[in-house]
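To start, the structure itself, in structure tokens.
Just so you know, all these numbers are worked out from the coordinates, no wet-lab data involved. All values reported here derive from a predicted model rather than from experimental measurement. Here Cβ is always computed from backbone atoms with ideal geometry, including for glycine, and neighbour counts include all displayed protein chains.
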Amino acid sequence: MTSDSLTQKRIVTVFGGTGFLGRRIVRRLLEKGFTVRAVSRHPDRVAALFSLDARAPEAIRADILDPASVALAVAGAHTVVNAVSLYVEHGNRTFERVHVKAAADLAAASRNSRVEQFILISGIGSDPQSESSYIRARGRGEHAVASTFPSVIIRPSVMTGPDDTFLTVLVRLIRLLPVYPLFGDGGTRLQPVYVGDVAEAISHLIDRNDPGGSSIFELGGPQVYTYEELLREIARQLDIQIRLIPIPFEVWSVLARMAEFLPAVPLTRNQIDLMRRDNVAAADLPGLKQLDIEPHYISEVIRAIEQANR
């Protein structure tokens with residue numbers, strides 16, 4: 001049997017397959033010849049997202065909070081990827097429920113279905129001891145999954161790309177605002193990573209089909225910036241003069257608390273908590289370099305964002 005036919009027979013189920021990262025994982029796996037199930041609570045979005053692609057994934061309706069639909073989605077899969085993310089809590093969709101209990105339940109369902117490889121998307125800075133409910137749930141989720149199923153844990157830095165909620169917003173606001181507010185003194189260190197590079201890393205790990213076992217990868221871009229340096233680099237790429245003003249984190253927290261009552265939340269306390277701490281890949285953990293992936297520079301991503309918005 002050829003390697004191509006072996007790849008086609010390996011089914012990959014991607015939970016969160018229509019999300020910012022998930023849909024790029026799905027697309028990259030399809031390009032490599034895998035059979036892919038894109039799992040979503042809204043499977044109608046799958047057809048719309050992949051209508052122009054040469055191949056389309058199988059659209060699966062499932063909710064990570066519903067064990068019965070989860071069991072059906074993972075049945076017969078070789079690899080399961082949990083790319084489900086939750087940044088704002090709504091009703092029973094809490095950080096603890098989604099990132100801890102449901103993540104562990106998905107890992108257990110995968111184990112029971114004899115899935116060979118389980119990949120969890122987490123984030124740099126995940127910490128089960130954090131005072132932030134979001135960061136704490138991410139850290140607790142890693143432990144819950146790893147103790148249920150030997151897993152590959154992927155921790156990206158802040159991800160960038162057209163239609164992201166970070167760099168795209170910064171580009172737009174720097175064009176609009178005569179004065180730009182800093183988080184604190186702007187000294188938080190960031191290592192933005194292109195979302196396409198993260199998707200490529202995950203597809204690479206699936207493609208090489210390593211034997212089961214736990215491992216952690218931290219994925220950062222080619223350059224580390226302070227938040228102030230990042231804003232100045234964006235302004236330089238846009239050929240704009242920028243004025244920056246420091247705003248204490250305490251003020252941001254108050255603003256975020258009020259913003260969370262709005263219908264469309266522009267800023268959350270969890271985002272503020274994330275910006276209080278450095279978001280840089282650990283030197284002692286494998287990353288893009290070990291996967292032979294050449295990361296995109298921020299200038300390339302800004303150009304892609306500008307082209308997408310024309």
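Can you list the lysines whose alpha carbon is less than 25 Å from that of residue 32, not counting same-chain residues fewer than 8 positions off?
9, 289
Ranked from highest to lowest mean number of other Cβ atoms within 10 Å per residue, what is the order of the peptides 172-180, 160-168?
160-168, 172-180
For the chain, find the longest principal axis of its Cα atoms and tell me its angle to the long axis of helix 167-176, 0 to 90°, nearest 10.
Helix 167-176 and the main axis of the chain meet at about 30 degrees.
For the chain, count the residues as N, evaluate 2.2 N^0.38 Å, and divide the Cα radius of gyration by that value, please.
1.00
Using Cα pairs under 8 angstrom and six or more residues apart, how large is the relative contact order of the chain, in percent?
Answer for the chain is 16 percent.
In which sequence would 194, 227 go, from the one with the fewest C-beta neighbours within 10 Å to the one with the most?
The most exposed by this proxy come first: 227, 194.
Angle check, please: helix 133-148 long axis (alpha carbons) against the longest principal axis of the chain (alpha carbons), in degrees 0 to 90, nearest 10.
For helix 133-148, the angle is close to 20 degrees.
Pairing the Cα long axis of helix 298-308 with the longest principal axis of the chain, what angle in degrees results, from 0 to 90 and rounded to the nearest 10?
For 298-308 against the chain, the angle is about 80 degrees.
Along the charge dipole of the chain, pointing to its positive end and built from +1/-1 on Cβ of Lys, Arg, Asp and Glu, which listed residue (193, 280, 204) has its Cα farthest out?
204
Pop out the ³J(HN,Hα) list for region 227-239 in order, Karplus 6.51 cos²θ - 1.76 cosθ + 1.60 with θ = phi - 60°, rounded to Hz; leave Gly and Pro as x.
Once rounded to whole Hz, the list reads 4, 5, 4, 5, 4, 5, 5, 4, 4, 5, 5, 8, 6.
Based solely on its DSSP helices, what 222 nm [θ] is calculated for the chain when runs of n ≥ 4 H residues each add -39,500 (n - 2.57) and the sum is averaged over all residues, nearest 500 deg cm²/dmol?
Value at 222 nm, helices only, nearest 500: -11500 deg cm²/dmol.
For region 41-148, state which trypsin sites (Lys or Arg not before Pro) are in a DSSP loop and have at most 14 other beta carbons lying within 10 Å of their beta carbon.
On the way: sites: 41, 45, 55, 61, 93, 97, 101, 111, 114, 136, 138, 140; in loops: 41, 55, 114.
Sites meeting the loop and neighbour criteria: 55, 114.
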